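**Q** This is the structure, below, for whatever I ask next.
Just so it is clear, none of the values below were taken in a lab; they were calculated from the coordinates. This structure is a prediction, so every number in the text was calculated from the model and none was measured.
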Amino acid sequence: MNLKSMHDIQLIAEEAPNQDEAVRFTVDLTKAMHYELSLLSVRTGKSKARLVRRAIWQLLRDIKNDAFMQ
């Protein structure tokens, strides 16, 4: 992930909507992805879990709106 501005960071760090019940799952990341995620966490003051939840939420929203598939 190569972030170009604080605006990019703020968009990524926005909170995903609250869910009724949480489900745990495991994702394997490359060392480079983990490093970038750790840096983003420090820069935004948000936990890595919160950032990942936001990224997944945004991806699901984009797919639903067909933006990802084009």
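**Q** Which length gain, in nm to one decimal place, applies between Lys64 and Lys48 when the Cα-Cα distance is subtracted from 0.36 nm times their residue separation?
**A** In short, 3.3 nm is gained.
**Q** I'd like the Karplus ³J(HN,Hα) series for the stretch 48-64: coefficients 6.51, -1.76, 1.60, θ = phi - 60°, whole numbers in Hz, and an x wherever there's a Gly or Pro.
**A** Residue by residue, the stretch 48-64 yields 4, 4, 5, 5, 5, 4, 5, 5, 5, 4, 5, 4, 4, 5, 4, 5, 4 Hz.
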